[in-house]
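The values are calculated or read from the model by the stated rules, or taken from the named source; none is laboratory data. This one's a predicted model, so the numbers in the text were calculated from it and none came from an experiment. No Cβ is skipped: glycine too gets one built from the backbone with ideal geometry, and neighbour counts run over all protein chains shown.
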Amino acid sequence: MRPVLLLLAVFLTACGVDSSVDAVGPEPTGVNEPPPWQRLDDPPLEARSGAAIGWTGEEIVVVGGSTFMCPPGADCVRPTEPPFRDGAALDPSNGEWRPIADAPDPVPSHQPTTHLGGDVYILVTPLDSGPSGARLLRYRTDADAWEAYDVPADAHLGGLLAAGTGLVVYPGSDEIGETPDLWFDPSSEAWSELPADPLSPSFDRIFAWSNDGLYLFAKDIAPSPGGASGPAVVNVAELLDGRWSEGPTGNTIGFWEVISDGDRIVAPQMGCADGGEVNIYGRCIPFGAVFDTRTGTWSELPPASREANQGVSGGALGQDRLLLTRLGHQVLNLSTDTWFQIPEIDERDDNATVQRTFAGAGPYGFAFNWPLPVQGASGVGRRGDGHHGEVGDLPAPLGIENARNAGRQI
């Protein structure tokens, strides 16, 4: 039985990360060539899609997910089986898996995940309960045990961020009404409300933590944002010592995914928009940008090649974190301010559509696949041998490649 295909690549910056793992396989070759994806041993889990992927500082934790599969363009019914509760942890230094305790609640696909103090946190919204039934799950790595905390019933959920000594749970938009942003203190296991921010009401809200300050990036709610109301540019505010202060508006209309690295908060989205023929802006406004928390100023992303800039980015690499948003696209190396290509995963089956879950986990890129048959797929998977139909066997696993020197070459 081969329940799931897993692959892992290590992208370590030249400074700030020390790797003592002996290399298995070839060293990276050439400038701007990251190490290739390498096959791992299968985990002690059944096949699944959309599992939560967390990082403890030493291990990659995989929890939950679902057998529900819906091919692109298909009309699928809702899943009939609950999401998984089980999980496993991978030690990337030796490629060894260990099973972990089951989560107290089923963990649906694509739940917000973060880590703090060596523990993994997952913000879980049950499929049928809505935000009122949400709980924050905490996996204590030292005890191999879970704890669960009820989220206040009036919360609108969107994101989860580790910020200093606690966690921020926040709505991604005020479009259905304003609700408080929440602070969770793991030491007291208590919830509290953050002070009301000066940017509300807003949408495309995203928080970031940098240099002991909490930053909110958001866009004004308007009758026709991005249209007759003009471009929906990004505003910023900082919460420091319990008080908000507004910063300058950025020349960016994206800022959907961010990474903090030193003094900078970076949204590595390539491309720009000029408003088209109807609501023309008079300039092409970038989707991505850099905000310097030390100076409180904005700047453009480092330039990429013309060919790369016509597409979308795959994320960014900081000193201790990889933001991995897409495969087969350019990723910004923040230690050198240069772009490199994240390889696509060349794992296909002529009879199946590969359902892939991937994420950055600390400085690692992590992905796993499950083939889904093209013919006769109803969108409802099943538990079993990991193959939804007869798709054939997968190749044998490979080892982990050490990419100790990758940061100097990408």
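Does Ala52 fit the bill of being modelled with pLDDT of 90 or more, among the small types (Gly, Ala, Ser) and over 21 Å from Leu327 (Cβ atoms)?
When the stated conditions are applied, Ala52 does not pass them.
For the range 59-82, the candidate set comprises residues that are in a loop (DSSP other than H, G, I, E, B) and at pLDDT 95 or above; within that set, the residue that is nearest to Pro44 (Cα to Cα) is Gly64. Is it the case that Leu90 is over 20 Å from Pro43 (Cβ atoms) and either modelled with pLDDT of 95 or more or under 20 Å from the mean Cα position of the chain (by Cα) (or both)? No: the conditions fail for Leu90. When you check Arg138 against the structure, is it basic (Lys, Arg), in a strand (DSSP E or B), out of contact with any Gly (no Cβ under 7 Å at 6 or more places or on another chain) and surrounded by fewer than 19 Cβ atoms within 10 Å (Cβ to Cβ), yes or no? No. Is at least one residue of the range 363-383 of a type outside the set (A, V, I, L, M, F, W, C), surrounded by fewer than 16 Cβ atoms within 10 Å (Cβ to Cβ), outside any loop (DSSP other than H, G, I, E, B) and modelled with pLDDT of 55 or more? Among the residues of the range 363-383, not one is of a type outside the set (A, V, I, L, M, F, W, C), surrounded by fewer than 16 Cβ atoms within 10 Å (Cβ to Cβ), outside any loop (DSSP other than H, G, I, E, B) and modelled with pLDDT of 55 or more, which makes the answer no.
Taking (1) among the aliphatic types (A, V, I, L, M); (2) surrounded by fewer than 18 Cβ atoms within 10 Å (Cβ to Cβ); (3) assigned to a loop (DSSP other than H, G, I, E, B) in turn, Ala148 satisfies each apart from (3).
Hey, among the residues in the range 331-355 that are assigned to a strand (DSSP E or B) and modelled with pLDDT of 80 or more, which one's farthest from Val290 (Cα to Cα)? The qualifying residue farthest from Val290 (Cα to Cα) is Gln341.
Comparison of Pro126, Pro99, Pro104, Pro82 shows that the only residue that is touching a residue at least 12 places away in the same chain (Cβ under 8 Å) and either basic (Lys, Arg) or touching a Phe, Trp or Tyr at 6+ places or on another chain (Cβ under 9 Å) (or both) is Pro104. So Phe184 ticks every box in (1) over 22 Å from Pro126 (Cβ atoms); (2) within 25 Å of the chain's Cα centre (by Cα) but one. Which box is left unticked? Unmet condition: (1).
A Cβ distance below 8 Å, combined with a sequence gap of six or more or placement on separate chains, defines the contacts here; from the range 189-201, residues that are without any contact (Cβ under 8 Å) to a residue 24 or more places away in the chain reach residues that are in a strand (DSSP E or B) and among the charged types (D, E, K, R) in the pairs Ser192/Asp185.
Residue-by-condition table, conditions (1) more than 16 Å from the chain's Cα centre (by Cα); (2) modelled with pLDDT under 95; (3) surrounded by fewer than 19 Cβ atoms within 10 Å (Cβ to Cβ); (4) in a strand (DSSP E or B):
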| site | (1), (2), (3), (4) |
| --- | --- |
| Pro104 | yes, no, yes, no |
| Pro108 | no, yes, no, no |
| Tyr121 | no, no, no, yes |
| Leu127 | yes, yes, yes, no |
| Ala143 | yes, no, yes, no |
| Asp154 | yes, yes, yes, no |
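Regarding Gly254, is this residue surrounded by fewer than 18 Cβ atoms within 10 Å (Cβ to Cβ) and of a type outside the set (D, E, K, R)? It is false that Gly254 is surrounded by fewer than 18 Cβ atoms within 10 Å (Cβ to Cβ) and of a type outside the set (D, E, K, R).
Within the range 202-239, the set of residues being in contact (Cβ under 8 Å) with a residue 40 or more places away in the chain, of a type in the set (S, T, N, Q) and buried (at least 16 other Cβ atoms within 10 Å of the Cβ) comprises just one member, Ser210.
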